[in-house]
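Each remark here refers to the structure printed beneath this line.
The values are calculated or read from the model by the stated rules, or taken from the named source; none is laboratory data. Computed from a predicted model, the values in this text were never measured in an experiment. So basically every Cβ, Gly included, is an ideal-geometry build from the backbone, and we count neighbours across all protein chains shown. Ligands, DNA and RNA are excluded from the accessible area calculation, which covers all protein heavy atoms including side chains. Shrake-Rupley method; radii C 1.70, N 1.55, O 1.52, S 1.80 Å.
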Amino acid sequence: LPLEKLRCSAAKTAMHALPRALGDACRALGLDVQKDMDGYKIMMKMCKPRPKRQGDLPGITWHDNRADLDRLYRYCMRDVEAEESLSQALRDLPEKELEIWQLDQVINERGIQADLEACRAMLNMVSIHEEQLLGRLTWLTRGAVKSAKQVYQLINYLRGLGVDLPDLSSASVKEALNGDINDTARDILRIRASLGRSSSAKYQSIIDRSSSDGRVRGALLYHGAATGRWSGAGIQPQNFPSRIKVSADPEEMLDTIMAGGLELHNALYEDDPMATAGAVTRSILMAKEGHELMVADYAAIEGRGLAWLAGEETELDIYREGRDIYIETAAKILGKPYDQVTKDERQSPGKISVLACGYQGGVGAVRKFGGDGMTDDEIKEQIVRPWRDAHPMTVKFWRDLEDACMSAVQEPGKVFTCRAVSFRVQDKFLMCRLPSGRLLFYYDPQVMPMKTSWGESKECVTYMTVDSMTRKWVRTNTYGGKLAENITQAVCRDLMAEAMLRVEKAGYPIVLTVHDELVCEIPEGFGSVEEFCGIMCEVPSWAKGFPIKAEGWRGKRYRK
């Protein structure tokens with residue numbers, strides 16, 4: 001069927017921030033037509049081979065009796081009816097979103113080239129390395145431990161060597177390695193640390209999901225997050241290993257391994273082979289013959305977006321003038337000149353406060369990014385409070401967002417506005433209209449008393465959502481900072497989505513989008529990084545004054 005004629009009920013469901021699975025979405029909305037779960041069990045039984053019975057012919061045998069087939073037919077018909085019922089209960093994708101969804105289908109069908117020979121070389125290196133380490137682990141423990149997965153036995157053996165660990169998490173192992181322990185225990189912990197890295201799963205996934213032409217398809221999921229951002233599917237490019245420090249360029253290391261495997265790697269580099277395997281994962285993705293990858297990502301797009309939404313003009317000027325936001329923030333907090341901020345001060349309070357405080361983060365948020373050696377009171381007084389004092393419009397934005405959202409839930413049908421954002425409740429959805437005109441949806445909003453992190457009870461807006469960890473349909477609450485996060489990320493997504501439409505029309509075929517980054521595959525010599533970034537940085541009419549910046553590169557293999 002022509003793409004222009006296709007519509008997707010799953011895409012509509014995702015746009016409304018409902019469970020993506022058909023049965024879960026129908027249950028969430030309480031539809032009259034529900035997915036046939038008993039029929040689902042029959043389908044699952046019939047799609048798997050059954051055990052052989054006396055008198056069966058050679059080959060695979062199936063559950064295919066008439067009663068099961070009739071039940072399967074009814075199940076399939078019910079699925080169609082449930083999809084139709086679900087689709088009718090939800091509004092269609094707006095014209096612009098339909099265009100974006102159609103582009104998503106093109107990108108997923110186009111796929112990206114994978115170096116399968118390199119994949120196999122990496123798997124071979126990892127396999128030999130694991131075999132060697134397991135052999136040494138068995139020897140060091142005199143046969144008591146033969147696998148790094150034997151956690152109980154390994155903890156007990158280490159305890160006998162004077163190393164008492166609560167668990168074998170990476171943090172516990174790292175702390176022990178930094179301590180004063182004997183050589184045998186150190187060797188065992190190093191083996192555990194190396195084998196604890198999940199370095200081969202991505203390579204196998206790339207091989208398993210490659211088509212006959214060596215391209216990996218279906219790696220993106222439209223509207224994978226409630227904000228509209230893409231998430232990964234299949235090989236999950238959004239969670240490729242990152243920030244792994246190695247001693248050489250990953251592409252060079254990949255060439256080395258392909259030429260001489262583990263032996264040559266160990267002869268030339270001191271890096272743990274498992275760390276190398278993680279660091280070079282991106283290099284497996286490449287341009288096809290005669291082509292290059294053109295890649296660019298938005299610089300500090302969320303920080304710029306939050307400042308733009310809140311009207312924090314002094315911060316917007318920092319971005320417009322190209323000054324370092326971390327140094328500028330540290331200078332404000334510390335009350336000292338920009339050019340006198342030290343490298344350590346740029347990190348803390350500078351970088352830490354920018355990353356932790358923008359969405360109403362407090363002590364807990366700061367600790368996720370650092371704050372080591374500081375008490376809770378010191379974090380409040382030296383990082384959180386000074387950052388908020390330096391960003392009065394952002395603090396006001398949190399408060400005004402929460403008030404507008406609360407009022408909309410309490411008075412369904414009325415519109416309440418906060419700067420360029422507005423809220424209204426209609427048809428059991430709290431809708432948030434973004435500056436672009438796109439809507440964010442929150443299902444079944446209610447005002448309920450909730451306990452705050454500091455132990456007090458407070459009236460909060462609650463709604464139903466898919467828990468990002470458990471994937472269960474649960475009720476959660478929101479507040480000003482969380483709304484600011486949702487809206488900022490959604491606005492940044494809208495900038496990216498519109499840029500995707502523009503670059504595609506300009507002749508830069510997209511093969512991936514990863515977070516705030518676009519990856520295109522172009523003929524050698526086509527276009528330029530400057531033109532590509534320029535197209536990405538065009539400011540839509542609805543985003544007037546947004547200081548967009550992108551940085552890019554071109555090359556044969558994907559990299560960070």
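Taking Cα pairs under 8 Å and at least six residues apart, what relative contact order does the chain come out at, in percent? Display every interim value, and only then the final one.
On the way: 829 pairs, mean separation 89.4, N = 560.
RCO, the chain: 16 percent.
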Given Pro540, Gln410, Tyr442, which one lies farthest toward the positive end of the charge dipole of the range 387-541, if we put +1 on the Cβ of every Lys and Arg and -1 on the Cβ of every Asp and Glu? Gln410
Can you work out the PRE-style zone for Leu268? Point 7 Å along Cα to Cβ, and I want the residues of the range 530-558 with backbone N under 18 Å. 556-558
Around His129, under 12 Å between beta carbons, what's the net of Lys plus Arg minus Asp minus Glu among the other residues? -3
Along Cα→Cβ, 7 Å out, is where each label goes; now give me the distance between the ones at Lys368 and Leu134 in nm to one decimal. 3.7
Quick check: at a probe of 1.4 Å, how many percent of the accessible area of the chain sits on carbon and sulfur atoms? 50
Checked against a 25 Å limit on the C-alpha separation, the offending pairs among Lys396/Lys482; Lys472/Lys560; Lys96/Lys505; Lys45/Lys149; Lys96/Lys472; Lys245/Lys332 are Lys472/Lys560; Lys45/Lys149; Lys96/Lys472; Lys245/Lys332
Scan the range 494-552 for trypsin sites (Lys or Arg not before Pro) in coil per DSSP, keeping those whose Cβ has at most 16 other Cβ atoms within 10 Å, and list them by number. Lys544, Lys549
Structure-derived semi-axes √(5λ) of the Cα gyration tensor in Å - corresponding label in [x] 56, 31, 22; [y] 61, 34, 26; [z] 39, 37, 28: [z]
On a full-extension model of 0.36 nm per residue, what is the gain between Leu69 and Glu175, subtracting their alpha-carbon distance, rounded to one decimal in nm? 32.3 nm
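Assuming R0 = 56 Å, what is the FRET efficiency of Asp317 and Ser87, from their Cβ-Cβ distance, to the nearest 0.05? Intermediate values should be presented prior to the final figure.
Values: r = 47 Å, r/R0 = 0.84.
Taking R0 as 56 Å, the efficiency between Asp317 and Ser87 is 0.75.
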So what's the back-of-envelope 222 nm ellipticity for the chain, counting only DSSP H runs of four-plus at -39500 (n - 2.57) apiece and dividing by all residues, rounded to 500? -14500 deg cm²/dmol
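Within the set of other residues whose C-beta is less than 14 Å from the C-beta of Pro445, count the net charge using Lys and Arg as +1 and Asp and Glu as -1.
Details: positive: Lys414, Arg424, Lys428, Arg475, Lys482; negative: Glu402, Glu411, Asp427, Asp444, Glu459.
Around Pro445, the charge tally is 0.
Hey, can you rank 365-373, 464-472, 410-418 by average C-beta count inside 10 Å, highest first? Don't skip to the answer; put the middle values down first.
On the way: 365-373: 16.0, 464-472: 12.3, 410-418: 14.4.
The peptides rank, most packed first, as 365-373, 410-418, 464-472.
With a probe of 1.4 Å, find how much accessible area the chain has per residue, and write the answer as a whole number in Å². Numbers along the way, then the final one.
Details: 28210 Å² over 560 residues.
About 50 Å² of surface per residue is accessible.
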Along the chain, longest interval not containing exposed GluC sites (Glu not before Pro), exposed being DSSP loop plus at most 16 other Cβ atoms within 10 Å: 1-269
As a quick test, which of the pairs Lys368/Lys451; Lys41/Lys451; Lys12/Lys35 have an alpha carbon distance above 29 angstrom in this structure? Lys41/Lys451
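Quote to one decimal, in nm, the extra length available between Glu95 and Ala201 on full extension: 0.36 nm per residue of separation minus the C-alpha distance between them.
Values: separation 106, 0.36 × 106 = 38.16 nm, distance 3.88 nm.
Between Glu95 and Ala201, full extension yields an extra 34.3 nm.
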Report the net charge of residues surrounding Ser242, where surrounding means a beta-carbon distance below 15 angstrom and charges are Lys +1, Arg +1, Asp -1, Glu -1. +4
